[in-house]
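Read the figures in this text as sums done on the coordinates, not as results from a lab. Everything numeric here is computed off the predicted structure, so don't read it as measured data. Backbone-built Cβ (ideal geometry, glycine too); neighbour counts: all protein chains shown.
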Amino acid sequence: MAEARAPWSGVGHVAPARVPEGALVGAGAWAMLALGVLFIILPVGALVQHSLFDGAGQWVGLDNFARYLETPALADSAWRSVRLAALSALICVTLAYGFAYALTQTAMPGKALFRAVALLPLLAPSLLMAISLIYLFGNQGLLKSWFPDGSIYGEPGIVIGSVLWTFPHALMVLLTSMATMDGRLPEAARTLGASAWRVFWTVTVPASRYGLCMALVVVFVLVITDFGVAKVIGGSANVLATDLYRQVVGQQNFSMGAVVGVWLLLPAVGSFFLERWIRRRQSAALGARSAVLQPVRSPLRDGLMWLFCATIALAFLTVIGVAVFASLATYWPYNLSPGLKNYDFDNMDGGGWGTYANSVRMALMTALLGTVLAFLTAWLVDKPRRFGPVREALNLVLSLPLAVPGLALGLGYILFFNAPGNPLGGLYGTMAILVLCTVVHFFSVAHLTMLAALRQLDQEFELVAESLGVPFWKTLWRVHLPMCLPALLQVAGFFFINAMTTVSAVVFLYSPHTQLAAVAVLNMDDAGDVAPAAAMAVLIFLTSAAVRALFALVSHWTLARTQLWRVR
């Protein structure tokens, strides 16, 4: 009798062994964890390690830190950084809380317009705010009489510029917190005869305390680790970020620069754990029986809040408008006739049109790589039911960039990838290292966004697919990816805009042929070409605004055709 064979097999054919799906998922999780260790843990570890050695490579332990604290100028910088960051956070969050209250708790008109104007600083580098303040209140500013003797330079300029730059970050946190408030609480308080002021202090403020605390933490960390505002308008008022830049770029003292980088890590790491402590103590804001807040009209309150929001919106429009006007002025302040002379970047010291092309290219590559990695890592953390310890470790490693300032991360990349004997040393000075550092710098927010989107999907999708024998990659491609498309587009836009506007993460890593537009703004300002620096900053702002509008159109068009299942 002839030997029975499968219908699909040929004579002597042996079916290839199928790789188990679990092995593929495990290999993917281990590979992503290895990449996280390579591009996150090791560079930060190199920064900390370098702070314990002197310039000759000899172990000195904590002597560098002691020497830092014993140097009066450096110790003053640390204290000034903490003091100005705390003051900026207090002012910024107070203003942003009133703005968020007006947008969520009142019935005033024009909410959408006010919100859009308040978020405009997200589209520009922090340098733009400082440059505009110089044109307004500097020695040759339009309103220089408001700050006689150039007193805008130094601590006042740092605080005002930091408040302008961080306001939208605080606003977004507070809007998210106040929008989830249970509408039954203020309604019950008013029914019991409580005044509007009493409702605000006994209901609104306690219900939004988590967002209030987080906004304070976010702004404090952003200000204390920011480099752009202090560098442009800080004058002789040194802070930790400018000290780090001066130690590395000006004095080539990498050991002391690493010490300052570690000092910058401390508040960021502290805020990282503080946020988790506050989150554990925070109870759910919305329950199954909660009602959406419906603001009650109050002509007096709504009118006052409209004036408050209009004043803040006018301040933002003025700051951005002055920067645009200064970039078009022929010769400030003597010849204000408009022209494009300041946009002739190729004839300016510190930058050229090639830097703008580099920024756009780097932003596109960052958006593509970052979005793909954010989706895959979030899927590996959330969807598989095996390899729990590896997935938890991966989630922890990918959350760490949230606690690493851009300057510290950039210096860590220098010390790690430029170290003798590192086989990846060829990345240093290339566009690839700029893209990788930028992706890592902003990865935590993107990862958490994708993780939140995937965790909204019921586990039944995977269970049904498994029962039908559908491979996991088909479920990922046909179910998870289309359903998370809105979050994917949001993450891609987030990466692009932040890559266009960032300075701190890349200021140590560029080479002459990979210089970026935001760095060119800094270099032109250092060279005294303030108007061309303003022009380049405005160009970055306009590019970011155009891309944001393009993403909005693409999102609307795509979601209308792929997300019909969301519509009843």
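Numbers below:
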{"item": "Euclidean distance of C-alpha centroids, segment 416-451 and segment 27-57, integer Å", "result": "11"}
{"item": "Pair residue 336, residue 113: separation of 7 Å Cα→Cβ label points (nm)", "result": "2.5"}
{"item": "Integer Hz, Karplus 6.51/-1.76/1.60 couplings in order for segment 132-138, x for Gly and Pro", "result": "5, 5, 5, 5, 8, 10, x"}
{"item": "Computed FRET value (nearest 0.05) for residue 372 with residue 62, which takes r as the C-beta separation and R₀ as 45 Å", "result": "0.60"}
{"item": "Spatial separation of Cα centroids for segment 126-175 and segment 202-262, in angstrom", "result": "16"}
{"item": "Whichever lysines have a C-alpha closer than 26 Å to that of residue 383, once near sequence neighbours (fewer than 8 apart) are set aside", "result": "474"}
{"item": "Amide H contacts under 5 Å for residue 53, placed H, 5+ residues apart", "result": "60"}
{"item": "Residue 200-residue 318 pseudo-label distance in nm [points 7 Å out on the Cα-to-Cβ vector]", "result": "2.3"}
{"item": "Cα shape, segment 477-547, gyration tensor, a/c 1.5 rule", "result": "prolate"}
